[in-house]
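Worksheet: the structure to be examined is printed underneath.
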Amino acid sequence: MQQSLLLQHSVPISPCFMASSTLLLGLSFLLLFCSSFCSAATRHALVLPVKKDAATLQYVTRVYQRTPPVLLELVVDLGGRYLWVDCDAGYVSSTYRPARCRSAQCSLANSFSCGDCFAAPRPGCNNNTCGLDPENPFIRTSTIGELAGDVLSLASTDGSNPGPLATDPRFLFSCAPTFLLEGLAKGAKGMAGLGRNKVGVPSQLAAAFSIHRKFALCLSSSTSSDGVMFFGDGPYRFLGTLNLDASQSLSYTPLLINPVSTAGTYVQGEKSVEYFIDVKSIRINGKSVPLNKTLLSIDKDGVGGTKISTVTPYTALQTSVYRAVTNAFAAALAGVRRVPPVAPFGLCFDPSAIGSTRVGPAVPQIDLVLPSQNVYWRIFGANSMVQVTDKALCLGFVDGGAEPRTSIVIGGYQLEDNLLQFDLATSRLGFSSSLLFRQTTCANFNFTSSS
């Protein structure tokens, strides 16, 4: 049976991969082997640094790939389906292996294309290979790229320090043409997709190293200090007055599955791999904001609801939700002088009239109220307010339009200095709220000391 391919963005086709669509039948399993995961019982997880790029506000991590190893910078895409890299510009590796049509790798990746490349063989251009659809969400562009495997290495950890490198010799990824790098942070050679599918980075690492199918993300608000990403279970320790294990201070809420893919290119019937949560209402200073509640649910067409994103810099709200939230926030700060808004924000205040607290500017708290009784994600001033100029302190939420695909997209700024744990096995999100309350930050993982 032929399945239709739904295209939402422009889809340029790389001249080095001309693929014909075919349906792969049956299920099979990819056996991933670990060649150097450390044997110490205390090494139960993996760790990567994550840095905020000042120019683009993207979050960038660093991994070793290939033989000989090359240190790659990759933009983190929480909802991305897989890791993709530029294979056109000097990809050299003795361990690169393209995935052949109808192989276990193609089945694992849910690849529905198979074809030949009409040029000299090289990484990204081989005959009888299956392909994927790497996507750059910043320029809203997808293309077709060869599925392949190669060596990938990252540090192990005991939760307190980085340890010896752990190596997966056959980590699956998609090649992409150089033009797909447009709009990415300077120096980035691709994107690391953390989506909840079998070839997303978290699932592959869990299978390769027999670690828990969970990962944790802690984005730094600083552009000069690294945040951190853990793969596997806690502890997740941060330096500070309390020497905090942040995994012990989480609230939990279920992760939802959107029944319709939110990717730029997808197969009919494919579910979204992004991370959705069930926000029931929004409160400002304890008072509920009047909203059209139907916008907070995901409908049968996959429209609506709330997702978490690292590629959206500031939380985007559907227009009626945005207006309700900004009106309620302005009313709660009625005594503070407003100043002309500074794009992309629509509500700004005189910063000299607002005090400071341990968790940022002294402004009303914003609560995203979740299904379980008394469970809410509280957003304090450090994550709600943006100092745009010395004369403008703005509410860091933006108007997402009247008819967005997703009604609330929680953006990167609202995630900073919060620890988020995504448990794929139980479909559960753990969240800490601001670590500033606990006298530490996401920049306080000890990357400098190795045990």
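Odds and ends about this structure:
- Taking the criterion of being among the aliphatic types (A, V, I, L, M) and crowded, with 20+ Cβ neighbours inside 10 Å, the residues of region 99-117 that qualify are A99, L108, A109.
- Of all the criteria given as (1) hydrophobic (A, V, I, L, M, F, W, C); (2) out of contact with any His (no Cβ under 9 Å at 6 or more places or on another chain); (3) modelled with pLDDT of 95 or more, the one not satisfied by A45 is (2).
- Of all residues in region 72-100, those that are without any contact (Cβ under 8 Å) to a residue 40 or more places away in the chain, more than 16 Å from G190 (Cβ to Cβ) and not in a strand (DSSP E or B) total 1.
- In region 400-451, the qualifying residues are those that are of a type in the set (F, W, Y) and closer than 17 Å to M229 by Cα, and the one that is surrounded by the fewest Cβ atoms within 10 Å (Cβ to Cβ) is F447.
- Every residue from region 345-364 that is within 28 Å of the chain's Cα centre (by Cα) and open to solvent by 60 Å² or more (accessible area, probe 1.4 Å): R358
- Matching residues, region 416-426, being closer than 17 Å to V375 by Cα and either of a type in the set (A, V, I, L, M) or outside any strand (DSSP E or B) (or both): L419, L420
- Listed by position, the strands (runs of 3 or more DSSP E) contained in region 198-306 that have at least 3 residues being touching a strand residue (DSSP E or B) at 6+ places or on another chain (Cβ under 7 Å) and either aliphatic (A, V, I, L, M) or open to solvent by 70 Å² or more (accessible area, probe 1.4 Å) (or both) are 251-256.
- The residues of region 327-368 that are in contact with a strand residue (DSSP E or B) (Cβ under 9 Å, 6 or more places away or on another chain), within 25 Å of S281 (Cβ to Cβ) and small (G, A, S), listed by number, are A328, A330, A331, A332, G346, G360, A362.
- Residue selected from region 40-89 under the condition over 16 Å from G145 (Cβ atoms) and among the small types (G, A, S), by the criterion surrounded by the most Cβ atoms within 10 Å (Cβ to Cβ): A45
- Residue check, V388 in contact with a strand residue (DSSP E or B) (Cβ under 6 Å, 6 or more places away or on another chain) and either assigned to a loop (DSSP other than H, G, I, E, B) or open to solvent by less than 40 Å² (accessible area, probe 1.4 Å) (or both): no
- Lone qualifier among V321, V311, V325, V342 - being open to solvent by less than 40 Å² (accessible area, probe 1.4 Å) and more than 30 Å from Y266 (Cα to Cα): V325
The values are calculated or read from the model by the stated rules, or taken from the named source; none is laboratory data. Being a predicted model, the structure only gives us computed values, none of them experimental. Quick reminder, even Gly has a Cβ in these numbers, built from the backbone with ideal geometry, and neighbours come from all protein chains shown. Note: areas computed on protein heavy atoms with side chains; ligands, DNA, RNA excluded. Shrake-Rupley method; radii C 1.70, N 1.55, O 1.52, S 1.80 Å.
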